[in-house]
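J.: First the structure, which I've put down as C-alpha cells, then a few questions once you've had a look.
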C-alpha cells in the first residue's frame with residue numbers, strides 16, 4: 001500500500017477505489033455555504049435599517065414600510081393585529097398617526113437596544129410631543145431571517 005497525500009483531508013478524489021467526499025455530502029456542503037448570505041443578513045446593522053425605516057416613514061412611503069414589516073404586526077392590547085400587507089396599507093394612519101405622530105418623532109428618536117435581536121423606540125402622545133419623560137407608545141423592531149423588521153406597536157400604559 002502506498003502512502004501519499006491523496007488521503008489528506010483536503011483531497012477530493014472522486015474516481016478510483018475510494019471517495020473522500022460523496023456527491024451527496026458535497027451537495028450538502030454547497031447548500032450550507034449558499035445559506036451563509038442569509039445568515040449574514042441576519043446580523044445586519046440595525047442603524048442601516050433604522051435610517052431606511054425612518055426615511056420611508058418621513059416620506060409617507062407606505063409600500064416601502066410595508067416591505068420591511070413583519071406580519072402579523074403586533075398591536076396594543078385590545079387592538080386587532082395587522083394580518084398582512086393589505087391590512088397594513090389600510091391601517092397605516094392608525095399605526096403611525098394614531099396615538100403618536102411617528103413621522104414627527106422618528107426624526108430625532110434614538111432607538112433603544114433591548115437585545116441583539118430587538119430594538120425599541122418610545123414615543124410621546126401626539127398631543128404632548130415634547131414630553132419625552134412620558135413616552136408610552138412603543139414601536140418594536142426585530143431581527144428576522146430576512147433582516148430587521150418593524151414587528152409591533154404597543155401602548156405600555158394599557
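The values are calculated or read from the model by the stated rules, or taken from the named source; none is laboratory data. Everything numeric in this text was worked out from a predicted model, so none of it was measured. Virtual Cβ from ideal backbone geometry, glycine too; neighbours counted across all protein chains shown.
J.: Has segment 116-130 got any residue that is in contact with a helix residue (DSSP H, G or I) (Cβ under 9 Å, 6 or more places away or on another chain), under 21 Å from residue 50 (Cβ atoms), part of a helix (DSSP H, G or I) and in the same structural domain as residue 62 (by TED's automatic domain parsing)?
T.: No, segment 116-130 contains no residue that is in contact with a helix residue (DSSP H, G or I) (Cβ under 9 Å, 6 or more places away or on another chain), under 21 Å from residue 50 (Cβ atoms), part of a helix (DSSP H, G or I) and in the same structural domain as residue 62 (by TED's automatic domain parsing).
J.: With (1) under 19 Å from the mean Cα position of the chain (by Cα); (2) in a loop (DSSP other than H, G, I, E, B); (3) surrounded by fewer than 17 Cβ atoms within 10 Å (Cβ to Cβ) as the list, and residue 109 as the residue in question, which single condition is left unmet?
T.: Among (1) under 19 Å from the mean Cα position of the chain (by Cα); (2) in a loop (DSSP other than H, G, I, E, B); (3) surrounded by fewer than 17 Cβ atoms within 10 Å (Cβ to Cβ), residue 109 violates only (3).
J.: State whether one or more residues within segment 137-144 are in a loop (DSSP other than H, G, I, E, B), touching a residue at least 40 places away in the same chain (Cβ under 8 Å) and touching a helix residue (DSSP H, G or I) at 6+ places or on another chain (Cβ under 9 Å).
T.: no
J.: State whether the residues of segment 84-98 include one that is in the same structural domain as residue 142 (by TED's automatic domain parsing), touching a strand residue (DSSP E or B) at 6+ places or on another chain (Cβ under 8 Å), farther than 19 Å from residue 148 by Cα and modelled with pLDDT under 95.
T.: The answer is no, given that none of the residues of segment 84-98 is in the same structural domain as residue 142 (by TED's automatic domain parsing), touching a strand residue (DSSP E or B) at 6+ places or on another chain (Cβ under 8 Å), farther than 19 Å from residue 148 by Cα and modelled with pLDDT under 95.
J.: Further, regarding this structure: For the condition surrounded by fewer than 18 Cβ atoms within 10 Å (Cβ to Cβ), at pLDDT below 95 and closer than 21 Å to residue 77 by Cα, what is the one hit in 136, 124, 129?
T.: None of the others qualify; the one that does is 136.
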